[in-house]
Each structure stands twice: as C-alpha cells, then as structure tokens.
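Undergrad: Provided herewith is a single structure, encoded as structure tokens, for subsequent inquiry.
The values are calculated or read from the model by the stated rules, or taken from the named source; none is laboratory data. The shown structure was predicted, so the numbers you read here are calculated from the model rather than taken from an experiment. Note that each Cβ is placed from the backbone with ideal geometry, even for glycine, and that neighbours are counted across all protein chains shown. Note: areas computed on protein heavy atoms with side chains; ligands, DNA, RNA excluded. Shrake-Rupley method; radii C 1.70, N 1.55, O 1.52, S 1.80 Å.
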Amino acid sequence: MVNSETLERFDQKVQELLWSARKQTIELMNTPLKVDTKSSANDLVTNVDRQNEQLIRKRLLEIDPSARIVGEEESFNHKIDPDLNGNVWIIDPIDGTLNFVKQRDHFAIMVALYCDGVPTLGYIMDVMNKRLYHAWRGHGAYVNKLRLKEPANSSLADSLIAINGWQLIKNHCHQEEIAQQAAGLRMYGSAGIEIIHVLNGQLGGYTSRLKPWDIASGMVIAEELGLLVKTIDDQPLNVLSSNTVLVATKKVCQDIWQITK
C-alpha cells in the first residue's frame, strides 16, 4: 500500500496535470478537429482525445514510474488486465466526446488511482466551467479548493435522475418505471458531468452502462461524500468491467433496487 506522503505528492502532481490537460484541451478545441468513429457513428474519438491521453500517460509515468495505466483510447482495442494489483491509474482523456465535438461543452477529463484494488484518488475536470472535482480517500472531497458537503439523502420521488437515453428507450432494468417515479429526468451525455451533478446534490442519482474509465474517478469522489456506487441491481461493482452502474444517494438506491428486484 502506498504511504500517505507518497499519496500527497501524487495528489498535488495530478491536480497540476489536470490543469495542464485542460489548457491543452482549450487550445486544441479552437483548431480544426480530426474526428474518427470507434464502435458506432455516435462513438467518436478526436485528435484531442488522443493527445490528452498521451500527455496524461507520459506525466503519470513520471509521477509514478511503477504504475499500470488503463486509458480509454489505448485500451479500446485491447483486453484489459483483469486485476487491480499495485498502482493502477484509470484515465478518460475526454469523457463526452460527442458533446465535445457537437457542442464544445458538457465534457470532462477524468483520472483515478486504485491501490491494490482500493479506490484511492479521483479527479473529474469540468473543462468548460474550470472546476476540478477531486478526492483522496479518507481526506474529503473538493471542487478546486472548496470542500464539498455531503449531499442531502433525498428519495427517488424527491430527486431529479439522469438515465442513459439508449437504456431508457430499451427499458433496461425497468428504467421507464424509475424515470416515472423520479421527480424529473435529465440527460447530459457525459458520465463525468452527470456524476458531478450527483456530487453537488443537483441530481439524486445517475445510471448508465459504464466502462472502467467512465466510473473509476467518480467512484472515489462519490464514496467520500457518502453516496453509493453499485450496479443497478445492488451488486458489488467490478471497476475493470462494463456494468450498468448506479451512483446515487442511499435512499434513491433503495428505491431503485425495489423497482429492479
């Protein structure tokens, strides 16, 4: 296990790295983008995704030379090592690439550190709002330098909920009923941005099918704020696999699990 002094150094250096990645993103988004597709016409990757991942990987290996890195772009066509032994950094260089391309807004950069399977450090950079959400397990959660308060433990009926649009259309895991029982429904198209809204108490919960780089950082921050991060059917989460994930208050989780059982 990494000692506190080393984690403090990691934390300071990664925060600096995220601000550098934000600066690079803003500069590159004002130049012509090179846009390619991955699994579908709506699953995009740009030169900014790739250049951000290169920057983050390079800097992380300078910060933590023994690290193993799982990143969206380099891991997309490769099998992910199924264990979390040692220091594993999980990165998403642009979360919400479709929003980035179409809107130039509502996207994030995300980095997380898992130490021997324990979610330890988490970072979500809300690029356009210039806000870095970050947490060190056991040391509180922050936006920039302001400590975040634990969100109110609201119920499903009293909460706005974010649900992945495709899963809602397919009524995956009774999501139509979940949406109907909530106070209202919102969709932002970026796991990082939607998780931020849960952290801030603007949403009572968020559910979608997420890959490791979509949920790893949010899990660290959410758990530090007393929120639950599990599968939508109340199972433990394997952060290195794709899962239909629920990030929510305890009451919202209980309400949703009653629907999905």
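Undergrad: Give 38/58; 23/251; 13/38 a once-over and call out the pairs whose C-alpha atoms are over 28 Å from each other.
TA: 23/251; 13/38
Undergrad: Okay, next question. Tally up the carbon and sulfur contribution to the accessible surface of segment 130-256 as a whole percent, 1.4 Å probe, everything protein left in place.
TA: Here it works out to 47 percent.
Undergrad: Next question. To the nearest Å, what is the center-to-center distance of segment 1-54 and segment 146-171, using C-alpha atoms only?
TA: 26
Undergrad: Hey, what's the Kirkwood Rh for the chain if you take every pair of different alpha carbons, in angstrom?
TA: 18.3
Undergrad: Using only C-alpha positions, report the orientation-averaged shadow area of the convex hull of segment 18-74, nm², one decimal.
TA: Value for segment 18-74: 4.4 nm².
Undergrad: Under the rule of -39500 (n - 2.57) per DSSP H run of 4 or more residues, summed and divided by the residues of the chain, what mean residue ellipticity at 222 nm is obtained, to the nearest 500 deg cm²/dmol?
TA: Result for the chain, helices only: -11500 deg cm²/dmol.
Undergrad: Write down Rg/Rh for segment 1-134, rounded to two decimals, with Rg from the C-alpha atoms and Rh from the Kirkwood relation over Cα pairs.
TA: Answer for segment 1-134: 0.97.
Undergrad: Rounded, prolate or oblate: which fits segment 1-41 when a ≥ b ≥ c are the square roots of the eigenvalues of the alpha-carbon gyration tensor, with rounded for a/c under 1.5 and prolate only if a/b beats b/c?
TA: Oblate, since a/c reaches 1.5 and b/c is not below a/b.
Undergrad: Okay, next question. Sticking with the crude label model, points 7 Å out along Cα→Cβ, report the distance from residue 8 to residue 85 in nm, one decimal please.
TA: Label at residue 8, label at residue 85, 3.1 nm between them.
Undergrad: Please work out the average accessible area per residue across segment 116-163, using the 1.4 Å probe convention, and give it in Å².
TA: 48
Undergrad: Just the number please: accessible area per residue for segment 1-104, 1.4 Å probe, all protein chains included, in Å².
TA: That works out to 53 Å² per residue.
Undergrad: Relative to the present Cα-Cα distance, how much length would full extension add between residue 102 and residue 47 at 0.36 nm per residue of separation?
TA: Full extension of this stretch gives 18.3 nm more.
Undergrad: Work the Kirkwood hydrodynamic radius out for segment 121-178: mean of 1/r over every pair of different alpha-carbon atoms, inverted, in Å.
TA: Kirkwood radius, segment 121-178: 14.2 Å.
Undergrad: Which of the GluC sites (Glu not before Pro) found in segment 193-261 are loop residues per DSSP with 12 or fewer other Cβ atoms within 10 Å of their Cβ?
TA: Passing sites in segment 193-261 do not exist.
Undergrad: Among 242, 190, 208, which one shows the highest mean-square fluctuation when the chain is modelled as a Gaussian network with alpha-carbon springs under 10 Å?
TA: Residue with maximal mean-square fluctuation among 242, 190, 208: 242.
Undergrad: What whole-number distance in Å separates the alpha-carbon centres of segment 179-204 and segment 103-145?
TA: Taking the Cα centre of segment 103-145 as reference, the centre of segment 179-204 is 17 Å away.
Undergrad: How much of the DSSP bridge set in segment 152-261 is antiparallel, in percent, rounded to the nearest 5?
TA: The antiparallel proportion sits near 60 percent.
Undergrad: Turning to a different aspect of this structure: Relative to 2.2 N^0.38 Å, what does the C-alpha radius of gyration of segment 161-261 come to as a ratio? Two decimals please.
TA: Taking the Cα Rg and dividing by 2.2 N^0.38 Å, one obtains 0.93.
Undergrad: Can you tell me how much longer the chain between residue 37 and residue 185 gets when fully stretched, taken as 0.36 nm per residue apart minus their C-alpha distance, in nm with one decimal?
TA: So the chain would gain 50.4 nm between residue 37 and residue 185.
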